[in-house]
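Q: Please find one structure pasted underneath; my questions will follow.
Readers should treat all values here as calculations from the given coordinates under stated rules, not as data from a laboratory. This one's a predicted model, so the numbers in the text were calculated from it and none came from an experiment. Heads up, the Cβs are rebuilt from the backbone with ideal geometry, glycines too, and the neighbour counts pull from every protein chain shown.
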Amino acid sequence: MKVGWIGLGNMGVPMVRNLARAGVDVCAYNRSPKETELAGARTVHSLTEAVQGKDVVVLMVSDIAAIEDILFEHGAAAAMSENTLVLNMSTIGVDETVKLAQTLQGRGLRFMDAPVLGSVKPAENAALTVVAGGEATDFEQMKPIFDAISKAAFHIGPCGKGAAMKLLVNAYLGMAVEALGECLTFGRENGLSAELMLSVLENSAVWSPMIAGKRDMLLNEEYGAQFALRHLTKDLGLAIRQATQVGAAMPAVHTTLDTFQKAVADGYGDEDMIAVLKHLRGQKQA
């Protein structure tokens, strides 16, 4: 299986490395030139070279605008061989996913949405979770890719269902991050140290892998992005848009999105999602 990978951001780089270590024949391309060690994978500097003659083309970029620019404005879709499988691992909306699938299928290509759960550390450790939408036969064919980058892969249903599952998880994640930030701010204002609060939380029913993964950040107050706050803000907006379309009530997610948008406006968008805490500390109840 020959794989072309597009997108070498914080997530793309470790995922490509794990594919190469697993023996997958993969070459990688980034829209802005980027030289990085990829554990044996080749870096190519032409989008055409990245996709021509490939069985699978993986997209791991920021949003639908980037995907459309790559596939259509810069001709990646036109350069692919008929029946190539486009595997979108980026997080985009459900409606955007279905439309993209229909467009590519109309050009003689196959499509699967397969966003991942997890941030940089799980990506480095090949411990992501894949939630895929598409044909069952395509899901089976992608097993070597999924096995190389993840601890678990789920076939959720037809195209768009993987995107829906990813937005569900990230909506919950956003609320959890805001709740943690609010409660730690409450504790700080009551004279409790971060170390003590986290130790008590660790021995309570509310402890989670998310809190464990942010513990060092919270103790050191260093918020280098594993999952940028602006990206989670985008995903919350996508979740609310889809909820509106299907008539699902998400009042708490609306509130969370408002908080995150204000944190981005405060200048924290490129920091880790947990940096919403810095915005919350600046808020005082009237």
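Q: Work out from phi, with θ = phi - 60° and the Karplus expression 6.51 cos²θ - 1.76 cosθ + 1.60, the ³J(HN,Hα) of each residue of the range 265-282, listed in order in whole Hz, and give x for Gly and Pro.
A: 4, 6, x, 9, x, 8, 8, 4, 4, 5, 5, 4, 4, 5, 5, 5, 5, x
Q: Non-local amide H neighbours of Thr84 (under 5 Å, H modeled in plane, Pro and chain starts lacking H): which ones?
A: Arg110
Q: Here's something else I'd like to know. What list of ³J(HN,Hα) values in whole Hz, one per residue of the range 107-123 in order, does the Karplus curve 6.51 cos²θ - 1.76 cosθ + 1.60 (θ = phi - 60°) give from phi, with Gly and Pro shown as x?
A: 9, x, 10, 9, 8, 9, 8, 9, x, 10, 9, x, 10, 4, 4, x, 5
Q: Here's something else I'd like to know. Lys214: which aspartates and glutamates have alpha carbons under 18 Å from its alpha carbon, excluding same-chain residues fewer than 8 sequence positions away?
A: In chain and number order, the partners are Glu124, Glu178, Glu182, Glu195, Glu202, Glu222, Asp270, Glu271, Asp272.
Q: Give, as a single signed number, the net charge of other residues whose beta carbon lies under 15 Å from the beta carbon of Pro122, with Lys and Arg counted +1 and Asp and Glu -1. Don't skip to the end; give the middle numbers.
A: Numbers: positive: Arg17, Lys121, Lys151, Lys166, Lys214; negative: Glu124, Asp147, Asp272.
Result for the local shell: +2.
Q: Evaluate the distance, in nm, between pseudo-label points positioned 7 Å from the Cα of Gln245 and of Phe72 along their respective Cα→Cβ axes.
A: Computed distance between label sites Gln245 and Phe72 equals 1.5 nm.
Q: Of the options Val177, Pro209, Leu236, report the single residue whose Cα projects farthest towards the positive end of the charge dipole of the range 164-281 (beta-carbon charges: Lys, Arg +1; Asp, Glu -1).
A: The residue sitting farthest along the positive end of the dipole is Leu236.
Q: Computed FRET efficiency, Cβ-Cβ of Met210 and Glu82, R0 30 Å: what is it to the nearest 0.05?
A: Details: r = 42 Å, r/R0 = 1.41.
The value I calculate is 0.10.
Q: Here's another thing I want to ask about it. Write down the percent of antiparallel bridges among all DSSP beta bridges whose residues are both part of the chain, to the nearest 5.
A: Working: 4 of 29 bridges.
The answer is about 15 percent antiparallel.
Q: In terms of modelled amide H atoms, which long-range or inter-chain residues lie less than 5 Å from the amide H of Gly160?
A: Those lying under 5 Å, H to H, from Gly160 are Asp113, Gly133.
Q: Under a Cβ-Cβ cut-off of 11 Å, what is the net charge of the residues other than Ile274 that fall near it, where Lys and Arg count +1 and Asp and Glu count -1? Working shown, then result.
A: Details: positive: Lys214, Arg215, Lys278; negative: Glu178, Asp216, Glu221, Glu222, Glu271, Asp272.
That works out to -3.
Q: Moving on. Over the Cα atoms of the chain, what is the Rg over Rh ratio if Rh follows Kirkwood?
A: 0.99
Q: Sequence gap of 8 or more, or different chains, plus Cα separation below 16 Å: how many lysine pairs satisfy both in the range 2-158?
A: Values: Lys2/Lys54; Lys2/Lys143; Lys121/Lys151; Lys143/Lys151.
The number of close lysine pairs in the range 2-158 is 4.
Q: Can I ask one more? Quick check: pseudo-label points 7 Å beyond the Cα along Cα→Cβ at Ser32 and Asp147, how many nm apart are they?
A: 3.7 nm
Q: What's the magnitude of the charge dipole for the chain around its Cα centre, counting Lys and Arg as +1 and Asp and Glu as -1 at the beta-carbon? Answer in Debye, nearest 20. Spell out each step's value before the answer.
A: Values: 25 positive and 32 negative charges, 35 e Å.
Charge dipole, the chain, about its Cα centre: 160 debye, nearest 20.
Q: Per 0.36 nm of contour for each residue apart, how much would the distance between Arg188 and Ala65 grow if the chain were fully extended, relative to their Cα-Cα spacing? Each step should come with its number before you reach the end.
A: Numbers: separation 123, 0.36 × 123 = 44.28 nm, distance 4.03 nm.
Extra length available between Arg188 and Ala65 comes to 40.3 nm.
Q: If I model a spin label as a point 7 Å beyond the Cα along the Cα-Cβ vector, how far apart are those points for Lys2 and Glu49 in nm?
A: 1.4 nm
Q: Compute and list, largest first, the equivalent-ellipsoid semi-axes of the range 60-111 from the alpha carbon gyration tensor, each √(5λ) rounded to a whole angstrom. Please report the intermediate quantities before stating the final value.
A: On the way: eigenvalues 54, 32, 17 Å².
Here the semi-axes work out to 16, 13, 9 Å.
Q: Sticking with this structure for a sec: Please list, ordered by chain and number, the residues whose modelled amide H lies under 5 Å from the amide H of Phe154; skip anything fewer than 5 residues away on the same chain.
A: Val130, Val131, Ala132
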